[in-house]
Structures are given as C-alpha cells and as structure tokens.
Amino acid sequence: MSGNDITQDALIEIEKDVLFRELSGEAVLLNVETGNYFGLDQVGARAWALIREHKALSKVVDLMEAEYEVSRDALWNDLVALAKELSAHGLVRISRGLPE
C-alpha cells in the first residue's frame, strides 16, 4: 500500500526485526536485519507505543486526539506522514484493515 492509499482502516505492522529503545522520553528504532534506524521525539515515541499496542491507525488517532491539543485533521496528516517515513525505512508495513 502506498502512502497515498493510507485510509482510516489502515493497519501499521511493525517488522519482526525492529528493536525499540526509549531514551529520556524519546525513542530509537533499529531494524537489526537491514541496519536501518530512526529517531522519534516524545510525541513520535507515544505514537509508536500506540501503534505497537493497537496497530489500527484510526485507534491511534482517537487516543492521541484525547491526549494532545491538536485538530483531528492535523493529527491524521502527521501520523500518515510518520507511517510513510517508517515504512520507507523498512520499520513497518502498512496494510488495509478489515472493514468495521
């Protein structure tokens, strides 16, 4: 699924060889198979934790919208951009979820 195809039912699945370490509220991701790594700020680390727990991008948006003072549209756009970037680094796979 390309980034342009990311819809409300998207699932974000973490690649099996990805390690996550939190450091002072921020995070570092490393795909041990490819050597690709990525740094996340505090908000990105929170998004990663929610992705790990829920996978469904819509659920991550719902939870983060309740935690942060941001419009739903801005949050959605930021999370889609993050998902695209993580996918480009080989850290996650983006797939279409099952219809609700």
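If you go through segment 59-100 and keep only what is out of contact with any helix residue (DSSP H, G or I) (no Cβ under 9 Å at 6 or more places or on another chain) and among the polar types (S, T, N, Q), you end up with 77, 95. For segment 49-74, the tally of residues that are more than 15 Å from residue 10 (Cα to Cα) and not β-branched (Val, Ile, Thr) stands at 12. Looking across 18, 70, one residue alone is of a type in the set (Val, Ile, Thr) and modelled with pLDDT under 95. It is 70. Candidates are the residues of segment 30-54 that are in a strand (DSSP E or B) and more than 14 Å from residue 78 (Cα to Cα); the one that is modelled with the lowest pLDDT is 37. In segment 29-56, the residue that is nearest to residue 19 (Cα to Cα) out of those that are in contact with a Phe, Trp or Tyr (Cβ under 8 Å, 6 or more places away or on another chain) and free of Cβ contacts under 8 Å to residues at least 60 places away in the same chain is 30.
Checking the stated criteria, residue 74 turns out to be aliphatic (A, V, I, L, M) and either loosely packed, with under 14 Cβ neighbours inside 10 Å or over 9 Å from the mean Cα position of the chain (by Cα) (or both). Being among the small types (Gly, Ala, Ser) and closer than 15 Å to residue 7 by Cβ is a description that does not apply to residue 88. Inspect all residues belonging to segment 88-97 and state whether any of them is loosely packed, with under 12 Cβ neighbours inside 10 Å and either aromatic (Phe, Trp, Tyr) or assigned to a strand (DSSP E or B) (or both). No: segment 88-97 contains no residue that is loosely packed, with under 12 Cβ neighbours inside 10 Å and either aromatic (Phe, Trp, Tyr) or assigned to a strand (DSSP E or B) (or both).
Selection over segment 18-53 of residues that are surrounded by fewer than 12 Cβ atoms within 10 Å (Cβ to Cβ) and of a type in the set (Gly, Ala, Ser) gives a count of 4.
Note on segment 7-41: among residues that are β-branched (Val, Ile, Thr) and within 12 Å of the chain's Cα centre (by Cα), the one that is nearest to residue 55 (Cα to Cα) is 12.
Residues that are among the small types (Gly, Ala, Ser) and in a helix (DSSP H, G or I) were ranked within segment 55-76; the one that is nearest to residue 87 (Cα to Cα) is 58.
The values are calculated or read from the model by the stated rules, or taken from the named source; none is laboratory data. Since we're looking at a predicted model, the values are computed, not measured. Every residue, glycine as well, gets a Cβ built from its backbone with ideal geometry; the counts of neighbours run over all protein chains shown.
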